[in-house]
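**Student:** One structure, pasted below without further comment.
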Amino acid sequence: MNATRIKKQLQKQWRRLKRRSLTLGLSSLLIAIVWVSMYLPDKVQSLLSSKPPVAIETLQYYQQSEGMSDPEDSNFWKLLNKSKQINEVVVRHSYVCGEEERSLGKLNVDEIYNLLNEHPSWKGQFEGQGKVVLNETIHDLSPACKQRAYMSLDKDGNLSLFDGPPEQEKVIKTFFQLDINSMESSLPDDALRHLYDGIRIQDIDEYNSVLSTFSDYAREG
């Protein structure tokens, strides 16, 4: 009888022990899940956001340059990769009208690669002794051009872009020769007088609009 009672008590203790072990295991699993959900995303994000070493980026750029269709681009990457000394780096902004430059001083090869990585539309070239020019093409008028540009006729009857009023004869760009007789028979006197005096151009929309309007009167050939 005593043996039977002892056996039952041992069985109850074993079942309690199993329940406690299961509860402890579930608690540990829950803690682990919470830890993973809080810590792992930050770790993964850190790994994803970390930048590769510059040397790797440099190698990637050089490898990509081998497949470039533009020989000048490919030649620039090769020259840059072999450069021993760079004396000056300049960013040149080339506008539809006007051009601006700003010097970045002396940069090493890795710093130039980083700049071109951040600005993939820029094109590099070497000028002179150790001077690197990074060219950016901008489809707009330069700030200086917006302040002074006019469109009018030059002395040969060409529609031209002027730096300042046309009477100063500072031609920036010549577009095409106009058929003056056709214009005089088709356009109002005010429109012609406005063209002869000079049409003020202050933004790219006005630039395109004037070109479009007078292209109908361009001489063929």
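The values are calculated or read from the model by the stated rules, or taken from the named source; none is laboratory data. Just so you know, these numbers come straight off a predicted model, no measurement behind them. No Cβ is skipped: glycine too gets one built from the backbone with ideal geometry, and neighbour counts run over all protein chains shown.
**Student:** Quick check on region 138-151. Is at least one of its residues closer than 15 Å to residue 218 by Cβ and assigned to a strand (DSSP E or B)?
**Tutor:** yes
**Student:** Test residue 104 against the criterion of being modelled with pLDDT of 85 or more, of a type in the set (A, V, I, L, M, F, W, C) and buried (at least 16 other Cβ atoms within 10 Å of the Cβ), and give yes or no.
**Tutor:** Considered against the rule, which asks whether it is modelled with pLDDT of 85 or more, of a type in the set (A, V, I, L, M, F, W, C) and buried (at least 16 other Cβ atoms within 10 Å of the Cβ), residue 104 comes out as no.
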